[in-house]
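One structure is given below, encoded as structure tokens.
Bear in mind that the values in this text are calculations on the coordinates, not laboratory data. Keep in mind that what you see is a predicted model, and the values were worked out from it rather than measured. Virtual Cβ from ideal backbone geometry, glycine too; neighbours counted across all protein chains shown.
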Amino acid sequence: MLSLDPASLDWALSHAMLLGDTDVFPRPFEFQAIQFSWNQVRDFLSQQDLLSWRVRPHRTTLSTKAHLGFRAITQLDPLDFIVFSALIRDICEDLELRRVPITDQVAYSYRCKPSADGRLFDREIGYGQFLQRAREVLESDGNISHVAITDIADFYPRIYHHRLENALSAATLKSDHVKAIMGLLKGWNNSETFGIPVGSAPATVLAEATLIDVDQ
């Protein structure tokens, strides 16, 4: 059995109220209702066995990407999102320890640094710091003549669950958390064995975990 710590659930609600559940959809009104009755909802969620949790229906819509493309954005059921966020909060610091250290100045993507107000990522690391470091490297080595740029097409929808599960298991000893997360993904994807929700911060943590070996 795996039950969630009430403190992790508190953080998950704070995350939803501060930043919403996606970067596209408006925040659902249900989160305000959940917050109003939070003591009862938290008690209910903390008593559930997450290894047998059954996901609720979610919604998906298309969102523009660049000029001519689009991507499918997923909005989870509010209770599913809180459970998902709490599970990710519990393991994200383990995953961060497995990644290339920030001090190595290699990976400038999302870095886990949960804060008490519900934020999940380090606000001091990002694209701006990547550009600054790239300029420093170029200016310090006059022999560099080319810069290679690549992109992973449809990355989130194509993440293979077996690869993701291996990456999580290699980074944390919280095996029941890994099982619960994979159970959520299985529920959201039906029979498909690939793809994670697009648009939510907790899913970004999973995406970064699959790239640990690439960064290394």
Exercise for review: Equivalent ellipsoid semi-axes for the chain, as square roots of 5 times the alpha carbon gyration tensor eigenvalues: give them largest first, rounded to whole Å.
Suggested key: 31, 19, 18
Point to revise | Average Cα contact separation per residue, segment 59-195, under 8 Å, 6 or more apart, as relative contact order % | key: 20 percent
Exercise for review: With +1 on each Lys and Arg Cβ and -1 on each Asp and Glu Cβ, and nothing else charged, work out how big the dipole of segment 6-215 is about its Cα centre, in Debye to the nearest 20.
Suggested key: 440 debye
Review point. Among M182, M1, which comes first, then next, by fewest other beta-carbon atoms within 10 Å?
Key: M1, M182
Check your understanding: If we count GluC sites (Glu not before Pro) as exposed when they sit in a DSSP loop and have at most 11 other beta carbons within 10 Å, what is the longest stretch of the chain that avoids them all?
Key -> 1-123
Study note, to complete from the structure: Dipole check, the chain, charges on Cβ (K,R +1; D,E -1), about Cα centroid: among S175, A209, P26 the Cα furthest to the positive pole belongs to P26
Exercise for review: Excluding residues fewer than 8 places away in the same chain, name every one of the lysines whose C-alpha is closer than 27 Å to that of K65.
Suggested key: K186
Check your understanding: Arranged by the count of other C-beta atoms within 10 angstrom, fewest first, what order do L50, L87 take?
Key -> L50, L87
Study note, to complete from the structure: Here Rg/Rh (Cα, Kirkwood) for segment 151-193 equals 1.00
**Study point:** Residues C92, C112 arranged by fewest to most Cβ contacts within 10 Å
**Key:** C112, C92
Point to revise | At R0 = 30 Å, FRET efficiency that the Cβ-Cβ distance of L131 and A72 yields, to 0.05 | key: 0.55
**Study point:** Residues of segment 201-216 with amide N under 15 Å of a point placed 7 Å along Cα→Cβ from D104
**Key:** 209-216
